[in-house]
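Working notes, beginning with the structure itself.
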Amino acid sequence: MPAHFLTGAELSAAQLRSLLERALELKAAPLCSQALDGRSVALIFTKPSTRTRVSFEVGIDELGGHALVLRSDELQLSRGEALQDTALVLSRHVCAVGVRTGPDATLAELAQHSEIPVINMLTELHHPCQALADLLTLREAHAELEGLRVAYVGDGNNVARSLALLGALAGLRVAVASPPGYALEPDLPLPAGASGSLELYTDPREAVQGACAVYTDVWVSMGDESSADERREALGAYTVDDALLDLAAPRAFAMHDLPAHAGEEISAEVLYGTRQRIWDQAENRRHAQKALLEFLVMPA
Ligand code: CP
Ligand code: NVA
């Protein structure tokens, strides 16, 4: 059974820690590893992407490998070929497969039949590759993640869930503030070995108390478009702006996985100002995912 990366909870706390340290090394010397020399990685997208596609494609190239970007409507999957058969065939050609799709069950079925590692590049419930880059960004700012408080303000979506799961595994105290009806599950099981915690709030001002970073994501995720108006109304008081950052810890910075909607979940002043690490965070996708690919395809 190959190692997969579907929620991030597959990692131990020690593996996550060493993966982040390896990502720092790869960031310092982007061409130092040829871990994918002569090998190919398939990247299947059923939803749009800018950062995930570019960071994986360039990162695989930097590791000496070849990225095959496959739009799902170009695959026989779109004509009803079984996920099992797709997984079996990809396993004969490539050394890993990344998938961006809707249902987590689709990803799980592909992984079940795959003889190579499967990587979640975003599903309805999880975005663990984003969380790796988020933790790398925090690690760049703080030598030790254990015990740091990080706030997430807004929709309790895939990005929030992965931040909570992988953040807790890294030892963070994650505080999530969402309006009623948009909260993360209060009983979300944290990964085995997690030393951190998850606390849920409705008031963003309470969640950001003592936080070294204040994270937000879009109010309308891919697939949520039919409820866009009610989401904007419910989440209207959950904007990350200078006034909210002022209530967090001294020198706290804003985070966002992007794409952003300036004036909705984040103010333009914060998004393009000096109190953010958002653009570093976007770059860190590549370095974190290269460390992940090394880990998955070259197990110790
Ligand atoms: N943050 C993120 O996953 O961005 P994309 O949707 O552009 O890949
Ligand atoms: N929550 C967003 C993340 C986009 C990267 C979505 O699922 O659309």
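The values are calculated or read from the model by the stated rules, or taken from the named source; none is laboratory data. Everything quoted here is computed from the prediction, not taken from an experiment. Because the Cβ atoms are built from the backbone with ideal geometry, glycine has one as well, and the counts that use them run over all protein chains shown. Surface areas here come from the heavy atoms of the whole protein model, side chains and all, with no ligands, DNA or RNA. Shrake-Rupley method; radii C 1.70, N 1.55, O 1.52, S 1.80 Å.
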Task: Normalised contact order of the chain, rounded percent, pairs of Cα under 8 Å and 6 or more residues apart - done: 20 percent
Open item on the list: Between L122, L75, L200, where does the largest GNM mean-square fluctuation fall for the chain, given springs only between Cα atoms within less than 10 Å?
Closed with: L75
TODO: Take the Cα radius of gyration of the stretch 207-258 and divide it by 2.2 N^0.38 Å, with N its residue count; two decimals is plenty.
DONE: 1.30
Task: Positive-end residue, the chain charge dipole about Cα centroid, Cβ charges, pick of A29, V89, T202 - done: A29
- [ ] Report, to the nearest 10°, how far helix 13-28 tilts away from the longest principal axis of the Cα atoms in the chain, using its own Cα long axis and a range of 0 to 90°.
- [x] 80 degrees
- [ ] Please give the net charge around A141, taking every other residue with its beta carbon less than 12 angstrom from that of A141, where Lys and Arg add +1 and Asp and Glu add -1.
- [x] -1
TODO: Please sort 229-237, 47-55 by packing, taking for each peptide the average over its residues of neighbouring beta carbons within 10 angstrom, highest first.
DONE: 47-55, 229-237
TODO: Can you check what the net charge comes to around A164, using other residues whose Cβ is under 14 Å from the Cβ of A164 (Lys, Arg +1; Asp, Glu -1)?
DONE: -4
Open item on the list: Rounded to the nearest percent, how much of the accessible area of the chain (1.4 Å probe, protein heavy atoms only) is carbon and sulfur?
Closed with: 51 percent
Open item on the list: Once ligands and nucleic acids are excluded and a 1.4 Å probe is used, how much of W219 is accessible, expressed in Å² to the nearest 10?
Closed with: 10 Å²
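Please compute the volume of the convex hull spanned by the alpha-carbon atoms of the stretch 199-286 and report it per residue in Å³.
Residue-normalised Cα hull volume stands at 108 Å³.
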Open item on the list: Explain nothing, just the number: relative contact order of the stretch 190-282, from Cα pairs under 8 Å at least 6 residues apart, as a whole percent.
Closed with: 31 percent
Open item on the list: Over the Cα atoms of the stretch 109-168, each weighted equally, I'd like the Debye log10 I(q)/I(0) at q = 0.20, 0.30 Å⁻¹, rounded to two decimals.
Closed with: -0.80, -1.26
TODO: Calculate how steeply helix 278-297 sits against the longest principal axis of the alpha-carbon atoms of the chain, using the helix alpha-carbon long axis, and give the answer as 0 to 90 degrees to the nearest 10.
DONE: 40 degrees
Open item on the list: At 4 °C and a viscosity of 1.567 mPa s, what translational diffusion coefficient does Stokes-Einstein give for the chain, taking Rh as the Kirkwood radius over Cα pairs? Give it in µm²/s as a whole number.
Closed with: 67 µm²/s
TODO: Choose one of Y272, A164, V69: the residue whose Cα lies farthest towards the positive end of the charge dipole of the chain (beta-carbon charges +1 Lys, Arg; -1 Asp, Glu; about the Cα centre).
DONE: V69
Task: Per-residue HN-Hα couplings for the stretch 261-268 [Karplus 6.51, -1.76, 1.60; θ = phi - 60°; Hz; x = Gly/Pro] - done: 10, 4, x, 9, 6, 8, 7, 4
Task: Nearest-ten-degree value, helix 128-141 long axis tilted from longest Cα axis of the chain - done: 60 degrees
Task: 1.4 Å probe accessible area per residue over the chain, in Å² - done: 42 Å²
- [ ] Please report the base-10 log of the normalised intensity I(q)/I(0) for the stretch 116-250, using a Debye sum with one equal scatterer per alpha carbon and no solvent, at each q in 0.11, 0.19, 0.22 (1/Å).
- [x] -0.37, -1.10, -1.42
